[in-house]
Amino acid sequence: MELFAERGYHGCSNADVAQAAGLTRGAMLYHFRTRDDLVEASIEHIQDCRDQALAEAARDALPGEDLSDQAIDAYWTMLQTSPFRAFTELETAARTDPALAARIASAQAAFDRAQVGEQLSGMLQAGADARFQTSRDIARFMLEGLARASLTYEADERAQRLLTVIKRVTRVLNRKGAVQDLWED
C-alpha cells in the first residue's frame, strides 16, 4: 500500500514489495505467486483500511457541529493518507489496464455503498434521494479531483477556498442554505 501510494502502481515490482516487507524473494513467492495475487491482496488490504477510516470518521463526529462540514473535512483528510493515495494510483492505472479495472471494480462499488450507508451518510444527514446523491457526489468528486490536482501557487489558500465552496454547495443541496450563500463577497 505504501509503495503504491509513493511510487504508483507501475513504479513498484514484487521485488520492491518483498524488500520493503523484509522478505526474501522466495518468501514473497510463497505468499504471492504472481503479481496478480499480490495486487488482489493489496486491493483487499487497501479497501479494509479505507472502510476503517470511514467508520472512524463517522464515530468521531463532534456533536453540535455541522455534520456535512465534518464529513467533507474528514474525507479531505482521508484523501491525504496512504490507503486513499494508493487506491487513487490503482484507479489511475486501471484506466488503461482492463484486468486491473476488473479487479478494483468491487472495491470501488463497496466504497461507494459504504459512503451512502452508515458511514458518512449519517454525517451528511441529507436523505437518500437524487438530491442527496448529487450533493454527496459533488463533494466526493470535487475533493478527489482537488486531491489529485497539482496547484502550483498559493496551493493552501486555493484549496481552502475550494473546500469552503464545496461545503457551501453541499449545504445548499442539502437544503441547509440558499444559493446566494455559495460565494459570499
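Bear in mind that the values in this text are calculations on the coordinates, not laboratory data. All figures in this text were calculated on a predicted structure; none of them were measured in a lab. Every residue, glycine among them, receives a Cβ derived from its backbone with ideal geometry; neighbour counts consider all protein chains shown.
Things worth noting here:
- If the Kirkwood radius is taken over C-alpha pairs of the chain, then at 25 °C and 0.890 mPa s the Stokes-Einstein diffusion coefficient equals 136 µm²/s.
- Dipole of the chain [Lys/Arg +1, Asp/Glu -1 at C-beta], most positive-end residue of T77, S42, A107: A107
- Taking Cα centre as origin and charging only the Cβ of basic (Lys, Arg, +1) and acidic (Asp, Glu, -1) residues, the dipole magnitude of the chain rounds to 360 debye.
- Contact order normalised by residue count of the chain, Cα under 8 Å, 6+ apart, percent: 25 percent
- Helix-only CD estimate at 222 nm, as mean residue ellipticity for the chain, using -39500 (n - 2.57) per DSSP H run (n ≥ 4): -23000 deg cm²/dmol
- Between L90, L143, L38, the Gaussian network model of the chain with springs among Cα atoms under 10 angstrom shows the greatest mean-square fluctuation at L38.
- Maximal additional length on extending the T77-R131 stretch stands at 17.0 nm, based on 0.36 nm per residue less the C-alpha distance.
- Relative exposure of L29, L79, judged by other C-beta atoms within 10 Å (fewest first): L29, L79
- Shown for T152, T170: other C-beta atoms within 10 Å of each C-beta, ranked fewest to most, produce the order T152, T170.
- K167, K176 arranged by Cβ crowding within 10 Å, fewest neighbours leading: K176, K167
- Here the extension length gained between Y30 and D60 equals 6.8 nm, from 0.36 nm per residue of separation less the Cα-Cα distance.
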